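Report on the structure given below.
The values are calculated or read from the model by the stated rules, or taken from the named source; none is laboratory data. Note that the coordinates shown come from a computational prediction; the quantities given were computed from them, not determined experimentally. All Cβ positions, even for glycine, are placed from backbone atoms using ideal geometry, and neighbour counts span all protein chains on display. These area figures cover heavy atoms from the full protein model, side chains too; ligands, DNA and RNA do not enter into them. Shrake-Rupley method; radii C 1.70, N 1.55, O 1.52, S 1.80 Å.
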Amino acid sequence: MSDYQSTYLTLSAILFAIGTLGVIIRKDAIVVFLSIEIMLGAVNLAFIAFSRANQSAEGIFMVMCVMAVAGAEAAIGLGIFVFLYRKTGTINIDKFNLLKW
């Protein structure tokens, strides 16, 4: 593995750790949502680094799949957040007990 690939993988690991901390620590639903997007970006960066190291295109195809899932997640997630904000008046994760019967 060359020097630039280890740099990309290190950056990917740092971004994934930041996203994980954001999901664990924060209580605001939008910040948690953005932290998940940071984690998906970190995974995409790792896929591209491995794809370039192996001289193959499978990583790029996987990145396209992850981006499609991220786009669907963004559309559906933000719709759910708007609905829950209208219903409860907050987007604090601790206050979301509407799904309990």
Each residue of region 2-13 in turn: what ³J(HN,Hα) in whole Hz from Karplus with 6.51, -1.76, 1.60 and θ = phi - 60°, glycine and Pro shown as x?
-> 7, 5, 5, 5, 5, 5, 5, 5, 5, 4, 4, 5
Roughly speaking, what is the centre-to-centre gap between region 1-30 and region 34-85 when only Cα atoms are used, to the nearest Å?
-> 13
Karplus-derived HN-Hα couplings along region 19-25 (A = 6.51, B = -1.76, C = 1.60, θ = phi - 60°), whole Hz, x at Gly and Pro = x, 5, 4, x, 5, 6, 7
Quick one: accessible surface of Met67, probe radius 1.4 Å, all protein chains present, in square angstrom to the nearest 10.
-> 110
Using the scaling law 2.2 N^0.38 Å as the reference, what is the normalised Cα Rg of region 3-92?
-> 1.29
Which percent of the accessible area of region 33-101 is formed by carbon and sulfur heavy atoms (probe 1.4 angstrom)?
-> 70
Going through the chain, which trypsin sites (Lys or Arg not before Pro) have at most 10 other Cβ atoms within 10 Å and a DSSP loop state?
-> Lys100
Residues of region 1-70: accessible area per residue at 1.4 Å, in Å²?
-> 63
³J(HN,Hα) computed for each position of region 51-66 - Karplus, 6.51 cos²θ - 1.76 cosθ + 1.60, integer Hz, glycine/proline x | 5, 6, 5, 8, 6, 10, 9, 5, x, 5, 5, 5, 4, 4, 5, 5
Largest first, what is the accessible-area ranking of Phe96, Phe50, Phe33 with a 1.4 Å probe?
-> Phe50, Phe96, Phe33
